[in-house]
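The values are calculated or read from the model by the stated rules, or taken from the named source; none is laboratory data. Note that the structure is a prediction, hence the values are computed from the model and not measured. Note that we place each Cβ from the backbone using ideal geometry, even for glycine, and neighbour counts take in every protein chain shown. For the accessible areas, the whole protein counts, side chains as well, though only heavy atoms, and no ligand, DNA or RNA atoms are used. Shrake-Rupley method; radii C 1.70, N 1.55, O 1.52, S 1.80 Å.
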Amino acid sequence: NSAESTVSKLDTITGKELARYAVCSDPSRTAVDKNGDCWLGCRGDGRVMKITNFVENCADKNGNGVVETSVDANGDGSITPDEMVPNDECIAIDTQPTGGDLVRGIGIDNNNYPWIGMWSGMQVIQLHPDTGAVQQSYNVGVNPYGLAVDKNNNVWVAGRGGSKLVKLTPGGSITPYSPPSGGFDPYGITVDLNGDVW
């Protein structure tokens, strides 16, 4: 919910809203890791956050014996402001990897490490899944607008700024692609189970 700087968790069967979290400024990209946890990036302030999905895995940060987190208390399928929690304890990580650059892509590799695309810096950055600390950083020569990771841990970047598709291999090799006809302005991107990039 970009305009209100929140992220909602929905039941994928019923479509009902299960929780809503106050997050960074203008959330723009989300990805779900192997644990079902949500990673999100914001274009307003360049922060990256991780929300733990299962309440039993959330830390009791204030030590009061209860995990304070958003829930649909009345079961109506819609979260109201009184069902949100300030300093929600299921928000596990809140980091700003590059000091404010816009996050415009996020994906998770096979080892459960998040990768983020930073717009202005033309960077792709790998974060640690437990701490959010920067592990690796690569200049990909385009402004990332979307990001996906294939089954071989190749990171694919939709370079809207630069009009190219870029492949970053686990070894750090960077290959740009563009169609011969020109007019390429990639936005969203995904990789299917066969490894085909869409």
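Of all the listed residues (Pro114, Pro129), the sole one being touching a residue at least 60 places away in the same chain (Cβ under 8 Å) and within 21 Å of Ser8 (Cβ to Cβ) is Pro114.
Restricting attention to the stretch 135-142, does a residue exist that is without any contact (Cβ under 8 Å) to a residue 24 or more places away in the chain and in contact with a His (Cβ under 7 Å, 6 or more places away or on another chain)? Within the stretch 135-142, one or more residues are without any contact (Cβ under 8 Å) to a residue 24 or more places away in the chain and in contact with a His (Cβ under 7 Å, 6 or more places away or on another chain). The set of residues in the stretch 186-198 that are surrounded by 15 or more Cβ atoms within 10 Å (Cβ to Cβ) and out of contact with any Leu (no Cβ under 8 Å at 6 or more places or on another chain) contains only Val191.
Within the set Val134, Val157, the sole residue that is closer than 20 Å to Val48 by Cβ, hydrophobic (A, V, I, L, M, F, W, C) and open to solvent by 20 Å² or more (accessible area, probe 1.4 Å) turns out to be Val134.
Restricting to the stretch 15-28, what's the tally of residues that are at pLDDT 95 or above and either open to solvent by less than 30 Å² (accessible area, probe 1.4 Å) or under 14 Å from the mean Cα position of the chain (by Cα) (or both)? Outline the logic, then answer.
Here is the first cut: in the stretch 15-28, the residues at pLDDT 95 or above are 15-27.
Imposing the further condition that a residue be either open to solvent by less than 30 Å² (accessible area, probe 1.4 Å) or under 14 Å from the mean Cα position of the chain (by Cα) (or both) reduces the set to 17, 19, 21, 23-27.
Qualifying residue count, the stretch 15-28: 8.
Check the stretch 46-57 and report whether any residue there is in a strand (DSSP E or B) and of a type in the set (Phe, Trp, Tyr). The answer is no, given that none of the residues of the stretch 46-57 is in a strand (DSSP E or B) and of a type in the set (Phe, Trp, Tyr). Would you check if there is a residue in the stretch 172-185 being crowded, with 20+ Cβ neighbours inside 10 Å and outside any loop (DSSP other than H, G, I, E, B)? Taking every residue of the stretch 172-185 in turn, none turns out to be crowded, with 20+ Cβ neighbours inside 10 Å and outside any loop (DSSP other than H, G, I, E, B). In the condition set (1) touching a Phe, Trp or Tyr at 6+ places or on another chain (Cβ under 8 Å); (2) open to solvent by less than 40 Å² (accessible area, probe 1.4 Å); (3) in a strand (DSSP E or B), Leu40 is compliant with all but (1).
Open to solvent by 50 Å² or more (accessible area, probe 1.4 Å), acidic (Asp, Glu) and closer than 30 Å to Pro186 by Cα: does that describe Asp94?
Working: open to solvent by 50 Å² or more (accessible area, probe 1.4 Å): yes; acidic (Asp, Glu): yes; closer than 30 Å to Pro186 by Cα: yes.
So Asp94 fits the description; yes.
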